[in-house]
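Q: Sharing a structure with you now.
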Amino acid sequence: MIEIDRITKVYDDTTVVDEVSMTVETGTITVIVGTSGSGKTTLLRMINRLVEPSSGEVRINGEVTRDIPTHLLRRRIGYAIQGHGLFPHHTVARNIAAVPRLLGWPKDKIARRVDELLTLFGMEPAAFRDRYPAELSGGQQQRVGVARALASRPDLLLMDEPFGALDPIIRGRAQEDLRAIQQKLGSTIVLVTHDMEEAIRLGDRVGVMDGGRLVQHGPPEEIVARPANAFVAEMVGDAERPMRLLSLIPVRGLVEPGAAGGDPVPEGASLRDALSACLWTGRDAVPVERGGAVVGRITLDAIRGRVEHRA
Amino acid sequence: MPVWGVAGPVTTAIALAAMVAGVALGLQAARPWWRLGGSLLGLAGLVLLLSRGAGALLVDAGDLARVSPAAGFWCLLLVFMMLMADALSALRPGPRLRLGLLALFLVGLAALLASGALSELSIMQEYRGRVAGFRTAAARHVALALGSLAAAAAIGFPLGILCHRRARLRSLAIPVLSFLQTIPSLAMFGIMIPVLAWVAATVPGAQEIGIAGIGFAPAFLALLLYSLLPVVANTVAGLDAAPPAAVEAARGMGMTDRQRLWSIELPLALPVILAGLRIVLVQNVGLAVIAGLIGGGGFGTFVFQGLNQTATDLILLGALPTVVLALVSAILMDILVDFARRTPKRESA
Ligand SMILES: Nc1ncnc2c1ncn2[C@@H]1O[C@H](COP(=O)(O)OP(=O)(O)OP(=O)(O)O)[C@@H](O)[C@H]1O
Ligand SMILES: [Mg+2]
């Protein structure tokens, strides 16, 4: 568990991060979202003390970070920097191995870990291990950057706009991969982005920052359904709100008995998928399946009712 | 006397044909291999004419007679050398091939000198009169150039690293070193004489380790002072040029300052640092000539003796080896820089 306790950063006379407090539960993803210059990177870098807080403190599992020597603290925390920050003169393998080498892992263990991570990120180890960063595409570079941050299985992973340079399709895939990897490894992640869509899709918790202050912090449904102020509402976007809300709710909870025509949707799909299936096929209801067997149906009325009642 | 009268009609015809063919091949700007071949052919013709001509001219002359090549020879030599340089730069050989070519060139030069083909030239006769002196001068010249380079590196690297990390020190050190660089070399060597004479006279033990107003010490110190700016400035520039995101990532993953310096910043800065050393080495090989003026030894001794006696061949005996030494150092350092730049740079974008 990471506890951020009234942490503040003041440069000269400007307060860049203003008394931010939040708790990050172990094994969850917290996404910090905000406009450019709102202090997201500064907040993130105060967690691994690349920036020293002006006041306030951070505790990792109860341990105050101020009391840990910076280099030892940072070896425990994975950090994927904004813009991958790979070492241009080291191969992909050596880049990924950077922290394990600092920790003095044995050679064969490092080699196995490198191959495991490359495979996990869909990069054939034999083909990519010995390449230099300049010989990778932008998306591959970013994946190697994330793999490097994960290499030593850190307690905590900090990611600063890790998917910034990717096109929408690769970006979506990378987000799914990250979700899957995080669930598999049970890592705790704090991720920074300025894209609300990404925040809602990835976050177990979403924190919205504006002018150095944390203006709202909660599950994505809550951010979408009940924005704390006009700024959050604007970030969520009025027109997108219903769809964003629907994309967060699985079909599972609204299944009712009965039959319907057309192709079934899986019960794990979102209401947004069910709605578009209804609209596209021109029906008022579509069947729902679980493990290949139809278990009921979902109706347009139920979806509409869910939106009207919010959370 | 016309040239065929000197070297004999057959030799002259062969040599002239070689040179004409060499120029003709050399004019093929689009075919660097032809140009390279042409320049070699031309050089061969030139050397042939030189060695045969010199011998023939001296057949009936007295012991004190001297032959040396005149302006025509130097012009042709320049033309063929330029053709060769241009061909090589167009061929862009890799560092290994360049190393091989350099070795080949040096072996060829040594073989030519050892064969005695040029022994009738007056510069070679000057050499034969001073073999021992030439050897000491060569050793001293190399010691001055390389020694001051090593000392400059030993002082300049740490200073450059400190300047990189502390802006205050940088704003102090760089202007001082730049000022040193602007002192004309003759003046610099001149200043060293009273300064070191005073040190030798006042600091106990200074004389025992060879410090004196004239000789090796002042020359060495002057060269060292000239070397500091390129070493320090290039170290700072190289370290500055390391990608900030990579440096930041190194900090973020928990490298200590020292680990970051050794495994990230210095390797990335190495090509620029070596480029600085290249400047220093070539500059010092040239400047070390002036050491001859203050008794520092080196090839400069011959140059200044020659200047005093208006003996052109003696000047050349000092100047030509200096030029060869400077060229060889420049090429060797370039090769080293290339090796340091191993990491692939993607061709264009
Ligand atoms: N070292 C510094 N000195 C002074 N001001 C700084 C420093 N670092 C950041 N700032 C200021 O703090 C504010 C927040 O910067 P920060 O990098 O945290 O923003 P961000 O939310 O990450 O923005 P972006 O989305 O553009 O990356 C900015 O106004 C920036 O100019
Ligand atoms: Mg940022």
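The values are calculated or read from the model by the stated rules, or taken from the named source; none is laboratory data. All values reported here derive from a predicted model rather than from experimental measurement. When we count neighbours, we look across all protein chains shown, and the Cβ atoms used for this are built from the backbone with ideal geometry, even at glycine. SASA here: full protein model, heavy atoms, side chains in, ligands and nucleic acids out. Shrake-Rupley method; radii C 1.70, N 1.55, O 1.52, S 1.80 Å.
Q: Give the cross-link partners of A:Lys107 among the aspartates and glutamates, using a straight C-alpha distance below 18 Å as the criterion and excluding same-chain residues fewer than 8 apart.
A: A:Asp115, A:Glu116, A:Asp130
Q: Here's another thing I want to ask about it. I'd like the antiparallel share, as a percent to the nearest 5, of DSSP beta bridges with both residues in the stretch A:2-237.
A: For the stretch A:2-237, the DSSP antiparallel bridge percentage is about 50.
Q: What is the antiparallel percent of DSSP beta bridges lying wholly in the protein assembly as shown, to the nearest 5?
A: Approximately 55 percent, going by the DSSP bridge assignments.
Q: Counting other Cβ atoms within 10 Å, which trypsin sites (Lys or Arg not before Pro) in the stretch B:130-227 have at most 15 and lie in a DSSP loop?
A: B:Arg166
Q: Counting Lys and Arg as +1 and Asp and Glu as -1, what is the net charge of the other residues whose Cβ lies under 11 Å from the Cβ of A:Asp195?
A: -1
Q: When Lys and Arg each count +1 and Asp and Glu each count -1, what net charge do the other residues less than 9 Å away from A:Arg74, Cβ to Cβ, add up to?
A: +4
Q: Which FRET efficiency value, to the nearest 0.05, do you get for B:Ala139 and B:Ser115 by plugging their Cβ-Cβ distance into 1/(1 + (r/R0)^6) with R0 = 30 Å?
A: According to the calculation, E is roughly 0.80.
Q: Something else about it: Subtract the Cα-Cα distance of B:Leu97 and B:Glu208 from 0.36 nm times their separation in residues, and report this length gain in nm to one decimal.
A: 35.3 nm is the gain from fully extending B:Leu97 to B:Glu208.
Q: Kindly tabulate the residues in the stretch A:26-71 with an accessible-area decrease of at least 30 Å² between the chain alone and the assembly of all protein chains, using a probe of 1.4 Å.
A: By number: A:Leu50, A:His71.
Q: So what is the relative contact order of chain A, in percent, for Cα pairs below 8 Å that sit 6 or more residues apart?
A: 19 percent.
Q: Also: Take the alpha carbon atoms of the stretch A:29-50, find their center, do the same for the stretch A:158-221, and report the distance between the two centers in whole angstrom.
A: What the calculation gives is 12 Å, centre to centre.
Q: Find the accessible area per residue for chain A; the probe is 1.4 Å, ligands and nucleic acids are left out, and the unit is Å².
A: Averaged over the residues of chain A, the accessible area is 45 Å².
Q: Express the accessible area of the stretch B:80-228 per residue in Å², computed with a 1.4 Å probe while the remaining protein chains stay in the model.
A: Per-residue value: 55 Å².
Q: Here is a follow-up. With a ≥ b ≥ c taken as the square roots of the eigenvalues of the C-alpha gyration tensor of the stretch A:4-85, please select rounded if a/c is under 1.5 and otherwise prolate if a/b is larger than b/c or oblate if it is not?
A: Taking the square roots of the gyration eigenvalues as a ≥ b ≥ c, the stretch A:4-85 is rounded.
Q: Here's something else I'd like to know. Based on DSSP H runs of at least 4 residues, each adding -39500 (n - 2.57), what is the mean residue ellipticity at 222 nm of the protein assembly as shown after dividing by all its residues, to the nearest 500 deg cm²/dmol?
A: Using -39500 (n - 2.57) per qualifying helix, the result is -19000 deg cm²/dmol.
Q: Roughly how big is the B-A contact, given as buried accessible area in Å² (both sides, 1.4 Å probe, nearest 100)?
A: Interface between B and A: roughly 1900 Å².
Q: Charges only on Cβ, +1 for Lys and Arg, -1 for Asp and Glu: so what's the dipole of the protein assembly as shown about the Cα centre, in debye to the nearest 20?
A: Roughly 1400 debye for the protein assembly as shown.
Q: Expressed as a whole percentage, what fraction of the accessible surface of the stretch A:24-166 belongs to carbon and sulfur atoms when a 1.4 Å probe is rolled over the protein heavy atoms?
A: Ligands and nucleic acids excluded, carbon and sulfur give 49 percent.
Q: Moving on to the next point. Using Cα pairs closer than 8 Å and at least 6 residues apart in sequence, work out the relative contact order for chain B, in percent.
A: 16
Q: Report the label-to-label distance for A:Ala293 and B:Thr312 in nanometres (one decimal), using points 7 Å from each Cα along the Cα→Cβ vector.
A: 10.9
Q: Note every residue of the stretch A:110-149 with a reduction of at least 50 square angstrom in accessible area, all protein chains present versus the isolated chain, computed with a 1.4 Å probe, or write none.
A: A:Ala134
Q: What residue among A:Val51, B:Met19, A:Gln183 has its Cα farthest toward the positive end of the dipole of the protein assembly as shown, where the charges are +1 on Lys, Arg and -1 on Asp, Glu, each on the Cβ?
A: B:Met19
Q: Between B:Ala154 and B:Ser89, how high is the FRET efficiency from 1/(1 + (r/R0)^6) when r is the Cβ-Cβ distance and R₀ = 41 Å? Nearest 0.05.
A: For B:Ala154 and B:Ser89, the calculated efficiency is 0.75.
Q: Still on this structure, I have one more. Which whole-angstrom value gives the distance between the alpha carbon centres of the stretch B:246-274 and the stretch B:110-159?
A: 39
Q: Which residue, chosen from A:Gly212, A:Ile7, A:Ser36, occupies the Cα position most advanced towards the positive end of the dipole of chain A, where the dipole is computed from +1 (Lys, Arg) and -1 (Asp, Glu) charges on Cβ about the Cα centre?
A: Checking the options against the dipole of chain A, the answer is A:Ile7.
Q: Moving on to the next point. Out of the total accessible area of the stretch B:148-238 (probe 1.4 Å, heavy atoms of protein only), what percent is carbon and sulfur?
A: After summing per-atom areas, the C and S share lands at 77 percent.
Q: Shape call for the stretch B:1-158 from the C-alpha gyration tensor, a ≥ b ≥ c root eigenvalues: rounded (a/c under 1.5), prolate (a/b greater than b/c) or oblate?
A: Taking the square roots of the gyration eigenvalues as a ≥ b ≥ c, the stretch B:1-158 is oblate.
Q: Measuring from label point to label point, each 7 Å out along Cα→Cβ, what is the A:Glu25 to B:Ala237 span in nm?
A: Each label point is offset 7 Å from its Cα along the Cβ direction, giving 5.7 nm.
Q: Okay, next question. Work out, step by step, the length gained on full extension between B:Arg128 and B:Leu16: first 0.36 nm times the residue separation, then minus their alpha carbon distance; give nm to one decimal.
A: Result for the pair: 37.3 nm of gain on full extension.
Q: Please compute the length gained on full extension between A:Val307 and A:Ala259, using 0.36 nm multiplied by the number of residues separating them and subtracting their Cα-Cα distance.
A: Contour length minus the Cα-Cα distance gives 15.0 nm.
Q: What is the percent carbon and sulfur in the accessible area of the stretch A:249-310, measuring with a 1.4 Å probe over the protein chains and ignoring ligands?
A: Carbon and sulfur: 51 percent of the exposed surface of the stretch A:249-310.
Q: Give, as a single signed number, the net charge of other residues whose beta carbon lies under 15 Å from the beta carbon of A:Val215, with Lys and Arg counted +1 and Asp and Glu -1.
A: -1
Q: Compute the distance from the alpha-carbon center of the stretch A:120-143 to that of the stretch B:173-193, in whole Å.
A: Their Cα centres are 51 Å away from one another.
Q: Which of the aspartates and glutamates could a cross-linker bridge to A:Lys9, judged by Cα under 17 Å and excluding same-chain residues fewer than eight apart?
A: Within the straight-line limit of under 17 Å, A:Lys9 reaches these aspartates and glutamates: A:Asp18, A:Glu19, A:Glu52, A:Glu57, A:Asp210.
Q: When a/c is below 1.5 the answer is rounded, else prolate if a/b is larger than b/c, else oblate, so apply that to the stretch A:56-168 with a ≥ b ≥ c taken from the square roots of the Cα gyration tensor eigenvalues.
A: oblate
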